[in-house]
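Take a look at the structure below.
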Amino acid sequence: MYDLVVLGGGSAGYSAAMTALKFKKKVCIIEKGPFGGLCILKGCMPSKTLIHSARINEIIKKSKTFGINVEGKVSIDTDKIIERKNRIIKGFADYRKGVVESKDIGLIYGKAEFISKNEIKVNNKIVKGKNILISTGSKEFIPEIPGLKETGYITSDEALELKKLPKSIAVLGAGPVGIELGYYFSGLGVKTTIIQRGEQILSNNDYDCAKELENALKNKGIQIYTNTSIKSISKDKKISFSHNNKEKEITVDEILVAFGRNPNLTGLNIEKASIKIEKGVIKSNNYLQTNIKNIYIAGDSSANLAVVNVAVEEGRVAAINMFSKKKEKINYNLFPMAVFSHPELAWIGIQEKEAKEKNLNVKIGKFYFKDLGKAECLDETDGFIKFVVDKKNNRILGVSIVGHEASDLIHEAIPLLYYKATLNDLKKMPHLHPTFGEIYSYLVDEMT
């Protein structure tokens, strides 16, 4: 019997397995294949690789702004873009698989299903575990839209493999995946339309941040419709929808469905282990433990916060809580998040909308990139940095950034929140000039 049986070899499962080894435990990973997990194979790494190609094309197009003349027509080699992506992803996946194979970890390929709380059936064999971690990731959510299935569509999985780009594409959904892939296609010359049901793109973010990004994307030529309701889709890929209570129709060459993802629990037969599930989500406590004390859950399958840095931490914490007397909880408030379009959007901690919902006594500060010297030099003047600050003690509760390299800039905010820093603390920290990072110091000067 194994000390830990991990269902799924993605980021959460891999992290849990490696942590369990530190406790000298016997571990087995069951993976339906291919090995690597969503982030490596179909998520953050391939998408960011492709997005960078779109960004390079965008920079070339505006090269005259910087006094650089590119002679002749710039062409796009999508075969090479996809080949480069595949080569990079294979390297990541092979490395992770190599680490697992070099360790004393059992690795079984096949579809896993529960037989009992300690038994997993795979390839007509029974694998027993004292503890089991569910880390089976997520799957695309495809809503019922009249005509969608009959017409045909692609998801992010297929979008990452397209070697022949359509002339036009409609992206249904304006969450992080829809925004990122919309930017990618547009950046490579595809006429791109984003259709969002809610009143703003990125509905979980502050309105002003989402609107700033939306305006920047529109200026790049992306058509964005918010406050919509899709009525039907015909076989010639004509999309009929209402927009602000007015009827609209567009016809495109391709449709990308990007309505988000749900936990992938298909075929696990979790009822055989008496695991509680509500509305497609497995219930767990603060220690990532299900109602069955030896069964834990981590990563996208937990639906806590579906990003890879959270998955890694959940895998680690789940394994610690299995094998250590000292239990750990996760402070999800300290995880930075980002949308990797251009400009980017990144945030950490409490956003303004959450502060209002909780009736927190806060003050809000903003400083715009257009007033930052380095941004002016690089012609990267879209966006702003925003602080949510406790009025009582000036403690920084949240930071949001829309702008160039926001996903990197947000890292300065992590220690600020972790050590419960105030505006006065930040004011004492010197920043290098001219940099994008010094935007923190300019905002704190305005707020103190």
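The values are calculated or read from the model by the stated rules, or taken from the named source; none is laboratory data. If you're wondering where the values come from, they're calculated on a predicted model, not measured in any experiment. Every residue, glycine among them, receives a Cβ derived from its backbone with ideal geometry; neighbour counts consider all protein chains shown. Heavy atoms of the whole protein, side chains included, go into the accessibility calculation; ligands, DNA and RNA do not. Shrake-Rupley method; radii C 1.70, N 1.55, O 1.52, S 1.80 Å.
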Inset, instruction - Rounding to the nearest 20 debye, state how big the charge dipole of the range 1-139 is about its Cα centre with +1 on each Lys and Arg Cβ and -1 on each Asp and Glu Cβ. - result: 220
Legend entry - aspartates and glutamates whose Cα lies under 18 Å from that of residue 97, excluding same-chain neighbours fewer than 8 positions away: 31
Inset, instruction - Go ahead and set up a Gaussian network model of the chain, Cα springs under 10 Å, then flag whichever of 179, 115, 134 fluctuates most. - result: 115
Inset, instruction - Kindly provide the helix-only [θ] at 222 nm of the chain, computed as the sum of -39,500 (n - 2.57) over DSSP H runs of four or more divided by all residues, to the nearest 500 deg cm²/dmol? - result: -9500 deg cm²/dmol
Inset, instruction - Enumerate by residue number the GluC sites (Glu not before Pro) in the range 1-108 meeting two conditions: DSSP loop (anything except H, G, I, E, B), and at most 10 other Cβ atoms within 10 Å of the site's Cβ. - result: 71
Legend entry - Residues whose placed amide H lies under 5 Å from that of residue 344, excluding near-sequence neighbours: 403, 404, 405, 406
Legend entry - Pairs beyond 21 Å (Cα-Cα), from 85/238; 25/293; 73/191; 353/374; 130/327; 22/327: 85/238; 353/374
Inset, instruction - May I ask you to evaluate 6.51 cos²θ - 1.76 cosθ + 1.60, the Karplus curve with θ = phi - 60°, for each residue of the range 192-201 and list the ³J(HN,Hα) values in order in whole Hz, giving x for glycine and proline? - result: 10, 10, 10, 10, 10, 5, x, 6, 8, 5
Legend entry - Loop chymotrypsin sites (Phe, Trp or Tyr not before Pro), the range 104-143, which have at most 15 other Cβ atoms in a 10 Å radius of their Cβ (DSSP): 141
Inset, instruction - Using a 10 angstrom cutoff on alpha carbons, build the Gaussian network for the chain and name the most mobile of 37, 437, 383. - result: 437
Inset, instruction - Work out, step by step, the length gained on full extension between residue 26 and residue 431: first 0.36 nm times the residue separation, then minus their alpha carbon distance; give nm to one decimal. - result: 141.0 nm
Inset, instruction - Please figure out what share of the DSSP beta bridges in the range 1-151 is antiparallel and state it in percent, rounded to the nearest 5. - result: 35
Inset, instruction - Starting from the amide H of residue 232, placed 1.01 Å from N in the peptide plane, find each other amide H under 5 Å away whose residue is 5 or more places distant or on another chain. - result: 240
Legend entry - Inter-label distance for residue 68 and residue 366, nm, one decimal - labels placed 7 Å from Cα along Cα-to-Cβ: 3.2
Inset, instruction - Please figure out what share of the DSSP beta bridges in the chain is antiparallel and state it in percent, rounded to the nearest 5. - result: 60
Legend entry - Pairwise label distance in nanometres, residue 328 with residue 95, each label 7 Å out on the Cα-Cβ vector: 2.2
Legend entry - More than 24 Å apart - percent of Cα-Cα pairs taken over the range 298-439: 39
Legend entry - Integer Hz, Karplus 6.51/-1.76/1.60 couplings in order for the range 387-396, x for Gly and Pro: 10, 10, 10, 5, 5, 5, 10, 6, 6, 7
Inset, instruction - Using a 10 angstrom cutoff on alpha carbons, build the Gaussian network for the chain and name the most mobile of 321, 245, 394. - result: 245
Legend entry - Cβ-placed point charges (K, R +1; D, E -1), dipole of the range 50-89 about Cα centre in debye, nearest 20: 120
Inset, instruction - Report P(r) for the range 14-124: all Cα-Cα distances, bin width 5 Å, range 0 to the bin holding the largest distance, values in whole percent. - result: 2, 9, 15, 14, 13, 11, 8, 7, 6, 5, 4, 3, 1, 0
Inset, instruction - Take the alpha-carbon centre of the range 72-140, take the same for the range 175-212, and report the distance between them in whole Å. - result: 29
Legend entry - Accessible-area composition of the range 180-288, carbon plus sulfur, in percent [1.4 Å probe]: 40
Inset, instruction - Take every DSSP beta bridge whose two residues both sit in the range 165-313, then give the antiparallel share in percent to the nearest 5. - result: 55
Inset, instruction - Note the direction-averaged projected area, equal to a quarter of the hull surface, for the Cα convex hull of the chain, in nm². - result: 24.3
Legend entry - Violating pairs (Cα-Cα greater than 32 angstrom) within the set 164/220; 149/279; 80/231; 26/139; 246/391: 80/231; 246/391
Legend entry - J(HN,Hα) series, the range 205-210, from Karplus relation 6.51 cos²θ - 1.76 cosθ + 1.60, nearest Hz, glycine and proline x: 9, 4, 4, 5, 5, 5
Legend entry - Amide H contacts of residue 198 (H built 1.01 Å from N, under 5 Å, at least 5 apart or other chain): 227, 228
Inset, instruction - With a 1.4 Å probe and every protein chain left in place, work out the accessible area per residue of the chain in Å², rounded to a whole number. - result: 49
Legend entry - Per DSSP, loop trypsin sites (Lys or Arg not before Pro) in the range 52-98 with at most 12 further Cβ within 10 Å: 62, 73
